[in-house]
Amino acid sequence: MDRITDYIQAIIADLWVKEVSKDYNDHFLLKEDSLKCAFYYYLRLKLGDGWLIRHRIRVYPEYHLSKRRKADLAIVRVEHKSNRKGRHLSECVEDVLAIIEFKYKVAHVEDPFIEDRNKLRSYAEDYKEAHLYACFVHEKLYENPPSWFDGRQTNGWAEGRVSELIGYWNLDGEYKSDVRSY
């Protein structure tokens, strides 16, 4: 499974830096939902339906992890279609490979980023094999954008489990993106 998750991680990092940045600069991303839609589109496009089908990998937005929690986007492995036999598709998920949370906020807003970081921590406890992504666009000027994860997280629960995908404005007001894996 490591080969598959490594491949997915590489695709995600590439699409964040290239496609999502281009979409932002071309004014296709208005708010969080357009960010999610663009990310989903490019992820499906780059992975390709043939690859997804061959490896039984699916990408689901608003994926219900439990009655009270849902991920903005989840990448899962499903059972072979011959095993479905009258069951709802949600009952045919074998593994959750990745959980992705998105935030897209203006300069003066910061609490939602912290809330999503805390959500990812709870997911880390319940989905021990899943890689977690914090895809955060913060429309604020930064010389060096901060991490939303401090040393307690990156040396603890987030280590080897979290990738932080950041979009921000540099001091010249240009949109920049960064990928950090812990």
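In table form, for the structure just shown:
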read-out	value
Karplus-derived HN-Hα couplings along segment 159-174 (A = 6.51, B = -1.76, C = 1.60, θ = phi - 60°), whole Hz, x at Gly and Pro	4, x, 10, 10, 10, 9, 10, 10, x, 7, 9, 7, 5, 8, x, 8
Relative contact order %, segment 3-181, counting alpha carbon pairs below 8 Å whose residues are six or more apart	18 percent
Pairs of alpha carbons in the chain whose separation is greater than 20 Å (percent)	54 percent
Of the trypsin sites (Lys or Arg not before Pro) in segment 110-153, those whose Cβ has at most 12 other Cβ within 10 Å and which sit in DSSP loop	K128
Segment 2-19 versus segment 110-141: alpha-carbon centroid distance in Å	18 Å
Neighbourhood net charge (13 Å Cβ-Cβ; Lys/Arg +1, Asp/Glu -1) for W169	-2
Folded to 0 to 90 degrees: helix 32-47 orientation relative to the chain principal axis, Cα	50 degrees
Under 25 Å from K18, Cα to Cα: lysines that are on another chain or at least 8 residues apart	K31, K36, K46, K103, K105, K140, K176
Principal-axis tilt of helix 2-15 within the chain, Cα atoms, nearest 10 degrees	40 degrees
Degrees separating the helix 111-126 axis from the principal Cα axis of the chain, which is the longest one	30 degrees
Positive minus negative residues near I57 (Lys, Arg vs Asp, Glu; Cβ under 10 Å)	+3
Dipole magnitude of the chain about its Cα centre (Cβ charges: Lys, Arg +1; Asp, Glu -1), debye to nearest 20	920 debye
Within the chain, helix-based [θ] at 222 nm, where runs of 4 or more DSSP H residues each add -39,500 (n - 2.57), nearest 500	-10000 deg cm²/dmol
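Quick note: the coordinates plus some simple rules give every number you see, no bench work behind them. The structure displayed is predicted, hence computed values, not measured ones. Cβ atoms come from the backbone with ideal geometry, glycine included; neighbour counts cover every protein chain shown.
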